[in-house]
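First up is the structure itself, then whatever we jot down about it.
The values are calculated or read from the model by the stated rules, or taken from the named source; none is laboratory data. A quick note: this is a predicted structure, and the numbers were derived from the prediction, not measured. Positions of Cβ are generated from backbone atoms using ideal geometry, with glycine treated the same way; all protein chains shown enter the neighbour counts.
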Amino acid sequence: MDRRQFNKTLAAAGTLASLSPFGIVRAQGAKLKVGVLLPRSGTQAFIGQSCQFGADIAPAVIKQMMGVDIELMNADTETNVDTARSRAERLISEGAQVLVGPFDSGAAGAIAQVAEQKGVPFVINIAAAPQITEQGYKYTFRNFPTAVDLVRNGLALIGDLFQATSTVPRTAVFMHVNDTFGQAMAKGVGGLMPRLTQLPFKIVDTISYDPAAKDLTVEVAKAKATGADFLLLVCRLNDAIILRREMVKQRWNPMGIIGPGNPGMYENQFYSALGKLSEHCISNVPWYNPKAELTKLIEAQMIKQFPKEKLMFHALNVGFTFESIMIAADAYKRARTSNSKELTEAIRQTDIKNRMMIGGPIKFNAKGQVEGIGSAAIQNLNQRPTVVLPVAAAEAKPVFPVPGYVKKS
C-alpha cells in the first residue's frame, strides 16, 4: 500500500490521524470519556441533581475554552455506597477513561478503591472526609477541602461573625449527621475547638442523628433543653429541612443556626421547601467568585441550557463539579492521550489559575489533595444565599442574633 492508498483508507474509515511529537497516534475528534457519579436519587437527590448541572454544561464550555471534546457517561449512585462502587466498576468496563464525583464521602471512599484497582484516574468534586486522600492512592485527586480545613475555616468565620455583630454567645449545642462526612466534621470540631481559645463559646452537648431520619422531634427537644445560645449544625439537605420545621414546631429560637462547612441550608430546595423559615441560616463554606471570567462563561451556558435555574442556588455544586471535569480535560490536553498512567501523571501536574471557585491555583500535593481553598460566610437573606463575610467579598452585613431571638434572663 502506497501513501495515497493509506490516506484514502484512513479517511474512508473516519480515522484520519495525526502524530504528536511523542509519537502518540490520536484519532481526529477523539473524545475524553468522563464517568460522572452523582446521587441523583435517594436522600441526597436534590444535591446530586444540582451537581449534575455542572457536569451537563461542562462539554460546551470546555470545548470553547480548551478545544477538548468531552463525552459524559452519567451514573446515579442512589445515595448508596455499594451502588456507587458497582456503578464505578460498570462505567470503567464501558470505557470511562476518568471518573468524577460523587459528592458523598462514603461513596468517594468506595470509588477511590475501584479507581485504584482498575488504574483509572478519579477526580473528586465534593467530599470532605480526610481519610480519602490519606490512603496512599495513586489515582485519586480531590479538588475540595478536607473536613479539618472546612471546620478550621468555618470556626474562624464564626469568630469573625461575632466581632462583626458585637455579640458574645457563651454556649452552643452541636448537632451533626452521623454519616462518613458528619463524623469527619465532628472529629474536626472536637479536635480544633480546644485550640481556638479566641472563640468565646463552649459546646455544651453533641447530638448526632441519621441524615435519612424522617422525624427529629427527640433530637431537637434534647438540643433545646440545653439552653444553648446558638445551634452549630452539620447537616445535609433533607434533614436540614426537617430539623428547621421541628425547631419552629417546638418554638426553639436560639440566636441563630450556623453550619461550619456543610451543605444543605444554601440549596435551592431549602428555600423552596421552607420559604421565610429558611431566612438567616448561616453556612460557612467554600464559594464561587461571581466576578471570575470562568464564572461568566458558566453562567451564560447555564442560562442557555437551563433557563429556569439560577447559578447562585447551585454555585458550590456546579462550580466544583465543573472544575473537576475541567481538571480532567486540562490533563488530557497536555498529555495528548487517554492512557491511564499518562493521564494520571498529567493530573498530578495540574496548575490551573483560571477557576470559578475562590482560592489559589488548582494544584495537588503528593497525596492528591488540593490546597488553598478558602470559605465565605453565606447567610440566607431575602431567600437567597448572600455573602456576608469576609468583608472584602460581602454583599450585605450579617444579621445575628436573628429576628425572633428572645434573650434569656
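Just one residue in the set Thr9, Thr43 is farther than 30 Å from Gly109 by Cα and at pLDDT below 95; that residue is Thr9. Annotation note: of Gly275, Gly319, Gly261, the sole residue that is buried (at least 23 other Cβ atoms within 10 Å of the Cβ) and on the phi > 0 side of the Ramachandran plot is Gly261. Checking Ala156, Ala128, Ala112 one by one, the residue that is in a helix (DSSP H, G or I), touching a helix residue (DSSP H, G or I) at 6+ places or on another chain (Cβ under 8 Å) and at negative phi is Ala112 and no other. Total residues in region 263-305 satisfying the condition of being hydrophobic (A, V, I, L, M, F, W, C) and under 20 Å from the mean Cα position of the chain (by Cα): the figure is 11. Looking at (1) of a type in the set (Gly, Ala, Ser); (2) surrounded by 24 or more Cβ atoms within 10 Å (Cβ to Cβ); (3) outside any helix (DSSP H, G or I), can you tell me which one Ser338 breaks? Only one criterion in (1) of a type in the set (Gly, Ala, Ser); (2) surrounded by 24 or more Cβ atoms within 10 Å (Cβ to Cβ); (3) outside any helix (DSSP H, G or I) is unmet by Ser338, namely (2). Within region 388-406, the presence of a residue that is in the same structural domain as Lys224 (by TED's automatic domain parsing), in a loop (DSSP other than H, G, I, E, B), touching a residue at least 12 places away in the same chain (Cβ under 8 Å) and at positive phi is excluded. Gly35 meets all of the listed conditions (1) in a loop (DSSP other than H, G, I, E, B); (2) surrounded by 24 or more Cβ atoms within 10 Å (Cβ to Cβ) but one, namely (1). Could you list, in sequence order, the residues of region 80-100 that are outside any helix (DSSP H, G or I), crowded, with 23+ Cβ neighbours inside 10 Å and out of contact with any helix residue (DSSP H, G or I) (no Cβ under 7 Å at 6 or more places or on another chain)? Passing the criteria: only Ala96. Just a yes or no: is a residue in region 253-262 at pLDDT 95 or above, of a type in the set (S, T, N, Q) and touching a strand residue (DSSP E or B) at 6+ places or on another chain (Cβ under 9 Å)? Within region 253-262, none of the residues are at pLDDT 95 or above, of a type in the set (S, T, N, Q) and touching a strand residue (DSSP E or B) at 6+ places or on another chain (Cβ under 9 Å).
Suppose the filter is surrounded by fewer than 24 Cβ atoms within 10 Å (Cβ to Cβ), assigned by TED's automatic domain parsing to the domain that holds Ala30 and under 19 Å from the mean Cα position of the chain (by Cα); does Ala107 pass it? Taking the combined requirement at face value, the residue does not satisfy it.
Per-residue answers, yes or no, for (1) polar (S, T, N, Q); (2) closer than 21 Å to Val36 by Cα; (3) touching a residue at least 12 places away in the same chain (Cβ under 8 Å):
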residue	(1), (2), (3)
Val234	no, no, yes
Ile241	no, no, yes
Gly264	no, no, yes
Cys281	no, no, yes
Val285	no, no, yes
Pro307	no, no, no
Asn317	yes, yes, yes
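Among the residues of region 304-316, is any closer than 18 Å to Ile124 by Cβ and among the aromatic types (Phe, Trp, Tyr)? Within region 304-316 (the criterion being closer than 18 Å to Ile124 by Cβ and among the aromatic types (Phe, Trp, Tyr)), the answer is no, since none of the residues qualifies. Of the residues in region 169-185, at least one is surrounded by fewer than 21 Cβ atoms within 10 Å (Cβ to Cβ), in a helix (DSSP H, G or I), within 22 Å of the chain's Cα centre (by Cα) and not assigned by TED's automatic domain parsing to the domain that holds Gly319. Output the residue which, of all residues in region 349-364 that are out of contact with any Lys or Arg (no Cβ under 9 Å at 6 or more places or on another chain) and outside any strand (DSSP E or B), is farthest from Val34 (Cα to Cα). Once the filter is applied, the top-ranked residue is Ile358.
For region 257-314, the tally of residues that are of a type in the set (Lys, Arg) and closer than 16 Å to Thr386 by Cα stands at 3.
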